[in-house]
Amino acid sequence: MSSPTSSPTSGPRRVVVLGSTGSIGVQALEVVASAPERFRVVALAAGGSDPVLLARQAVAARVEHVAVADERALPALREHLADAARAAGLGGWAPALDAGEGAVERAAALPADVVLNGITGSVGLAPSLAALAAAAPGGPAEGAVLALANKESLVVGGPLVLAAAARAGGMARAVVPVDSEHSAVAQCLRAGRADEVRRLVLTASGGPFRGWSRERLEGVAPEQALAHPNFAMGRVITTNSATLVNKGLEVVEAHLLFGVPMERVDVVVHPQQLVHSMVEFVDGATLAQASPPSMLIPIALGLGWPDRVVDAGPGCDWSRAQSWDFEPLDDDAFPAVRLARAVGSAGGTAPAVYNAANEECVEAFLAGRTRFTSIVDTVARVVEESAAAPDVAGGTTADELALDDVLAAERWARARAREVLAPDAAGARR
């Protein structure tokens, strides 16, 4: 990863936060509030499910622009903005509002220095592409950085994101990873040249079911899957961490972010999650980035890259005795990573099928309509069938693949996953 170009403004970096009411967005605003001399939020965007929080965030940051994807949330947002502004003594203040289809993408393309994409799911792809297009030479945010916490952007639209990043100066300049694992890799890579890297090693907590057998996993309930041992995250990401689908997505993302072949991206289970990832170099040296489980450090680094933010998060306590464990991944009990390697190697729309089918399966599991082990089993079946599906386009480059191809593949995968899951759902109702 290299340094972004100098900021087009002389003051604090102008920041756009996408997904501001989610976990990443909330913590990003904490980082900004702690360093007002470094950052200034100019726009917020969210789905619209929590207009009260969005209004409070907008008033607290005095933003210029607020966007909601769900147009139905606009009346409530207006009301709550007025209430929050009056409570803050800003009776006549109001930001520009945008809602409905394309609103989040338009926010992503506003003049800014950093666009933090903290949206969950493949819906984050279009805003990522919009931010990169705006950051390209001649764009309204020329030279801006995409701080990417939405891993699905790369997984689902890899060729499209790579091409858009190339137009904005290349992945190393235009995109800064915010996932803790990829941020750790980016930090470790500062220690050597690309041709000195032997492999990347991503760490996984193993989730709440580390050490469980396939048979024992059959009876997992949603509330068990949502009990992550280290991090507080949204329901989908927490479930993905329990199945290790999240780690599979991260393997594909690391391959695309850093240009390292899939077979040289490894996963090791590290229950304490103090080491967030490692880079092994050709001379046998391995560098690791360590800090207590917290997203504040990678978020702050994403906003401030390549510079660090003082006291962004907690450091390790070296005054007490502690043990750090590392264990091999059990591919038989948790086949999601192995499957992700296969779809990542296949490229094209295969990763989009994997991700979309998983999102449908997770929704069904959390609603009690399928078993925990059926999530990855169903994803594997849908991925296998997609190779012969006429509605799923191939192509592995941006010239061969269009956004419409990705969206069509996702629609097919979601529909097929629902069909496969239907017998499970019928059994659950009886």
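The values are calculated or read from the model by the stated rules, or taken from the named source; none is laboratory data. Since the structure is predicted, the reported quantities are computational estimates derived from the model, not experimental observations. A quick note on method: Cβ atoms are made from the backbone with ideal geometry, for glycine too, and the neighbour counts reach across all protein chains shown. For the accessible areas, the whole protein counts, side chains as well, though only heavy atoms, and no ligand, DNA or RNA atoms are used. Shrake-Rupley method; radii C 1.70, N 1.55, O 1.52, S 1.80 Å.
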| note | When every residue in region 34-59 that is more than 24 Å from Ala126 (Cβ to Cβ), free of Cβ contacts under 8 Å to residues at least 60 places away in the same chain and out of contact with any strand residue (DSSP E or B) (no Cβ under 9 Å at 6 or more places or on another chain) is compared, the one surrounded by the fewest Cβ atoms within 10 Å (Cβ to Cβ) is Glu37
| request: Starting from region 163-178, take each residue that is acidic (Asp, Glu) and list its partners that are open to solvent by 20 Å² or more (accessible area, probe 1.4 Å), counting only C-beta distances under 7 angstrom and pairs at least six apart or across chains. | output: none
| query | With respect to the numbered conditions (1) farther than 26 Å from Gly394 by Cα; (2) crowded, with 23+ Cβ neighbours inside 10 Å; (3) among the aliphatic types (A, V, I, L, M), which one is the sole condition not fulfilled by Ala96? | reply | (2)
| note | Condition set more than 19 Å from His276 (Cβ to Cβ) and among the acidic types (Asp, Glu), scope region 214-259, selection farthest from the chain's Cα centre (by Cα): answer is Glu215
| note | Restricting attention to region 374-423, the residues that are open to solvent by less than 20 Å² (accessible area, probe 1.4 Å) and either over 22 Å from the mean Cα position of the chain (by Cα) or of a type outside the set (D, E, K, R) (or both) number exactly 14
| task | Would you check if there is a residue in region 231-246 being free of Cβ contacts under 8 Å to residues at least 24 places away in the same chain and either open to solvent by less than 10 Å² (accessible area, probe 1.4 Å) or over 28 Å from Gly368 (Cβ atoms) (or both)? | result | yes
| remark: Filtering region 210-221 down to residues that are part of a helix (DSSP H, G or I) and either open to solvent by 50 Å² or more (accessible area, probe 1.4 Å) or modelled with pLDDT under 95 (or both) yields Arg214, Glu215, Arg216
| task | Name the single residue, out of those in region 296-337 being surrounded by 13 or more Cβ atoms within 10 Å (Cβ to Cβ) and among the β-branched types (Val, Ile, Thr), that is nearest to the chain's Cα centre (by Cα). | result | Ile299
| said: Could you check region 309-355 and list, in sequence order, the residues that are in contact with a helix residue (DSSP H, G or I) (Cβ under 6 Å, 6 or more places away or on another chain), farther than 21 Å from Val392 by Cβ and free of Cβ contacts under 8 Å to residues at least 40 places away in the same chain? | reply: Gly313, Asp331
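Please go through region 129-142 and give me each residue that is outside any helix (DSSP H, G or I) and either in contact (Cβ under 8 Å) with a residue 12 or more places away in the chain or under 17 Å from Met171 (Cβ atoms) (or both), ordered by number. It would help to see each step written out before you state the result.
Just the residues of region 129-142 that are outside any helix (DSSP H, G or I), to begin with: 136-142.
Across region 129-142, the qualifying residues are Ala136, Pro137, Gly139, Pro140, Ala141, Glu142.
Please find, among Val26, Val31, Val68, Val63, the residue that is buried (at least 20 other Cβ atoms within 10 Å of the Cβ), out of contact with any Asp or Glu (no Cβ under 7 Å at 6 or more places or on another chain) and within 26 Å of Ser180 (Cβ to Cβ). Don't jump to the end; show me each part of the working.
Numbers: Val26 fails: buried (at least 20 other Cβ atoms within 10 Å of the Cβ); Val68 fails: within 26 Å of Ser180 (Cβ to Cβ); Val63 fails: within 26 Å of Ser180 (Cβ to Cβ).
Going through Val26, Val31, Val68, Val63 in turn, just one is buried (at least 20 other Cβ atoms within 10 Å of the Cβ), out of contact with any Asp or Glu (no Cβ under 7 Å at 6 or more places or on another chain) and within 26 Å of Ser180 (Cβ to Cβ): Val31.
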| query | Which one is most open to solvent (accessible area, probe 1.4 Å) among residues in region 276-287 that are more than 24 Å from Gln27 (Cα to Cα) and either touching a Ser or Thr at 6+ places or on another chain (Cβ under 8 Å) or part of a loop (DSSP other than H, G, I, E, B) (or both)? | reply | Asp283
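Results for (1) modelled with pLDDT of 95 or more; (2) surrounded by 24 or more Cβ atoms within 10 Å (Cβ to Cβ), shown as yes or no for each residue.
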position	(1), (2)
Ala108	yes, yes
Leu129	yes, no
Ala135	yes, yes
Lys151	no, yes
Ala168	yes, yes
Ala172	no, no
Val178	yes, yes
